[in-house]
Structure formats: C-alpha cells, structure tokens
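Here's the structure we're looking at; comments come further down.
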Amino acid sequence: MIAIGNDHVGFELKEAVIEVLKAHNLEYKDFGAYSPDRANYPVYGQKVAMAVASGECDRGILLCGTGVGISIAANKVKGVRCVVCSEPYSAKLAKEHNNANILSMGARVVGPELAKMIVESWLTAEFQGGRHAERVAMLDEIENGVILSE
Ligand code: RB5
C-alpha cells in the first residue's frame, strides 16, 4: 500500500503518480489534500509519514511546490527517510543505497512525464543492503540520540 499526500500546488501532479501506481497494480491510499484549495504541506507530510512509520503503508509519495517543505515535514517523523527527487537517477539510488521509504517531488520543478519516470525508478529499485544497511542503521542511531563516529 502506497500512501500519497500533497498540498494545493502538488494536487494536480497526483494524477500522473497514480497512473504509475495503477500500471504496477499497486494499491494506494490518498491522504489528501483533495482539491487545489490552499492547504498546508506539513499536515500532509505528517499524515503520510505517520502512515509509513506505523506500517499502515509500505511507502509514501509526497507532492508540493518544490517537494522540499513536505519532505522536511515527513522527515520529522521517526523512521522516515524521505527524499526529494527531480530526476530518476537519484530516485533509484535513494532506494538502492538509502532505502528511502518516501519519495517527494515538486510540481513546480518537474512535469508529469518526468514525475512518472522518477516514480517508476524509485518503485522498481531494490535496497542493496550490505554496507548500505550499516549506514541506514546509523541514520536510525541519530534518531535515537547516538553521537556517531567512524
Ligand atoms: C506553497 O506555496 C509552497 O510553499 C509549497 O507547495 C512547497 O513548495 C513548500 O516547500
């Protein structure tokens, strides 16, 4: 189950994202906003992040004007690794190396066709584990107050 969230600027891009999810036969849950009326991105970033962190949803996709504000909101929730991507290479590596569980995009930055390619790359990539898993575990340690060292 994929959680989707957006503010008013990201609302229109949601359609393109859903197209990709449907093509992969993936179920999704839309956490809003449900119209292009003004909406505060932290609300939707938090909703999606909580759904992913709690295990209600496996992954999430967030959309706002730049993808930045909504990703910052999501990353405040423990257990979330949300990345803003505006091209497919980073989206692929964000999954392979960072095991990013939420993808964020900016509707003022990417058009619908590029957004579809980004979602496709992130969805089809697989976490590579190994040394990357050790580093991702270090990210969890930061959340738990551990001071990291080499
Ligand atoms: C809304 O104007 C805009 O600030 C929002 O969509 C997003 O880009 C924030 O990071």
Q. How many residues does the range 33-55 contain that are within 17 Å of Ile70 (Cβ to Cβ), out of contact with any strand residue (DSSP E or B) (no Cβ under 7 Å at 6 or more places or on another chain) and of a type outside the set (S, T, N, Q)?
A. 9
**Q.** Subset tally (residues that are over 23 Å from Leu114 (Cβ atoms), surrounded by fewer than 18 Cβ atoms within 10 Å (Cβ to Cβ) and among the basic types (Lys, Arg)) for the range 19-47
**A.** 2
Q) Within the range 79-89, is there a residue that is hydroxyl-bearing (Ser, Thr, Tyr), outside any loop (DSSP other than H, G, I, E, B), within 13 Å of Ile102 (Cβ to Cβ) and modelled with pLDDT of 95 or more? A) no
Q: Please find, within the range 105-133, the residue that is surrounded by the most Cβ atoms within 10 Å (Cβ to Cβ) out of those that are within 16 Å of the ligand (Cβ to nearest atom) and of a type in the set (Val, Ile, Thr).
A: Val110
Q: Identify all residues within the range 117-142 that are over 16 Å from Ala3 (Cα atoms) and not hydrophobic (A, V, I, L, M, F, W, C); write none if there are none.
A: Ser121, Thr124, Glu126, Gln128, Gly129, Gly130, Arg131, His132, Glu134, Arg135, Asp140, Glu141
Q: Mind counting the residues in the range 30-52 that are out of contact with any helix residue (DSSP H, G or I) (no Cβ under 7 Å at 6 or more places or on another chain) and either under 21 Å from Glu120 (Cα atoms) or of a type in the set (A, V, I, L, M, F, W, C) (or both)?
A: 6
**Q.** Residues that are within 13 Å of the ligand (Cβ to nearest atom) and more than 17 Å from Asn40 (Cβ to Cβ), drawn from the range 2-22
**A.** Glu12, Leu13
(Q) When the residues of the range 48-72 are narrowed to those that are part of a helix (DSSP H, G or I) and surrounded by fewer than 20 Cβ atoms within 10 Å (Cβ to Cβ), which ends up nearest to the ligand (Cβ to nearest atom)? (A) Val68
Q | Pairs where the first residue, in the range 5-18, is buried (at least 19 other Cβ atoms within 10 Å of the Cβ) and assigned to a helix (DSSP H, G or I) and the second is at pLDDT 95 or above and not aliphatic (A, V, I, L, M), C-beta under 6 Å, 6+ apart | A | Phe11/Pro36; Lys14/Asn6; Ala16/Pro112; Ala16/Lys116
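The values are calculated or read from the model by the stated rules, or taken from the named source; none is laboratory data. Every value quoted in this text rests on a predicted model; they were computed, and no experiment measured them. Please note: Cβ atoms are built from the backbone with ideal geometry, for glycine as well, and neighbour counts cover all protein chains shown.
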